[in-house]
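*Asks:* Encoded as structure tokens, here's the structure I'll be asking about.
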Amino acid sequence: DVVLTQTPVAQPVTLGDQASISCRSSQSLVHSNGNTYLEWYLQKPGQSPQLLIYKVSNRFSGVPDRFIGSGSGSDFTLKISRVEPEDLGVYYCFQATLYTFGAGTKLELK
Amino acid sequence: QIQLVQSGPELKKPGESVKISCKASGYTFTDYAMHWVKQAPGKGLKWMGWINTYTGKPTYADDFKGRFVFSLEASASTANLQISNLKNEDTATYFCARSGTRVYPPFAYWGQGTLVTVSS
């Protein structure tokens, strides 16, 4: 089974700073068709998750450009530049070939 | 606008069954896949499976084969999740989520979640 390992488990930040979250897979996520189906979701406290990034680096409709997804193969990163209060919550990576979530990274205030 | 509205919280005893509904609006129901995701209290997200809303064919993740059934009431634009022989470990919030295009990305739009509590 594919395992997605997210680090760190918790990321303390100051508003306005940049934050970075890593998602590493136990195997390459490149599909046989050449695409990589890796997404990022944010679950704010008390809310349903919301889609931020799909296919590694594509922002979903309405997602601010301070969210930047990158990576390839088995190593992926979500960067949030200039963290704002509404960015706080738990971030999950997800791979849509074998449908596995990472364990989550909590973005919290220092 | 696209909306997924789920049924309300449920309190059940072990061994009972529960049926959760997810009513869709704002789009053609049969054009997009519907997924189900489980979140135990204080825990992460777990994909349960999905249903092809055009054919009605369900696909279950390995951990959700047997007691879990996905179904549709397409005329009512509603997807359902039924769990039988409830166990304490089924206590969780269950989310429905619609795909962005026909099948991808899988969880573009989410319901508000339904909390199922299993307790004797």
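*Asks:* Counting partner chain Cβ atoms within 10 Å of every residue's Cβ in B:108-117, what's the average?
*Replies:* Mean inter-chain Cβ contacts per residue within 10 Å come to 2.
*Asks:* So for chain A, considering every pair of alpha-carbon atoms, how many percent are separated by more than 22 Å?
*Replies:* The proportion of pairs with Cα distances above 22 Å equals 24 percent.
*Asks:* Taking the Cα-to-Cβ direction at A:Q27 and at B:Q82 and moving 7 Å from each Cα, how far apart do the two end points lie in nm?
*Replies:* 3.5 nm
*Asks:* In addition: When the Cα centres of the range A:39-102 and the range B:35-63 are compared, how far apart do they sit, in Å?
*Replies:* Their Cα centres are 20 Å away from one another.
*Asks:* Treat the range B:1-78 as a sphere of radius equal to its Kirkwood radius over Cα pairs and apply Stokes-Einstein at 4 °C in a medium of 1.567 mPa s; give the translational diffusion coefficient in µm²/s, rounded to a whole number.
*Replies:* Rounded to a whole number, D works out at 93 µm²/s.
*Asks:* What is the sum of charges around A:G104, taking Lys and Arg as +1, Asp and Glu as -1, for the other residues whose C-beta is under 13 Å from the C-beta of A:G104?
*Replies:* +3
*Asks:* Right, next: How would the protein assembly as shown be classified by its alpha-carbon gyration tensor: rounded, prolate or oblate, with rounded meaning a/c under 1.5 and the a/b versus b/c comparison settling the rest?
*Replies:* Here the protein assembly as shown falls in the prolate category.
*Asks:* Which pairs in the list A:K79/B:K23; B:K23/B:K43; A:K106/B:K23; A:K44/B:K38; A:K79/B:K43 are over 27 Å apart, alpha-carbon to alpha-carbon?
*Replies:* A:K79/B:K23; A:K106/B:K23
*Asks:* How high is the relative contact order of the range B:6-96, in percent, with contacts defined as C-alpha pairs under 8 Å that are six or more residues apart?
*Replies:* 37 percent
*Asks:* Related question: At 7 Å along the Cα-to-beta-carbon direction for both B:L11 and A:S81, put a label point, then send me their distance in nm to one decimal.
*Replies:* Distance between the two pseudo-spin positions: 5.1 nm.
*Asks:* Something else: Give the average, rounded to an integer, of partner chain Cβ atoms located within 10 angstrom of each Cβ in A:95-101.
*Replies:* For this peptide, the per-residue mean of nearby foreign Cβ atoms is 4.
Quick note: the coordinates plus some simple rules give every number you see, no bench work behind them. Because the structure is a prediction, the values reported are computed rather than measured. Here Cβ is always computed from backbone atoms with ideal geometry, including for glycine, and neighbour counts include all displayed protein chains.
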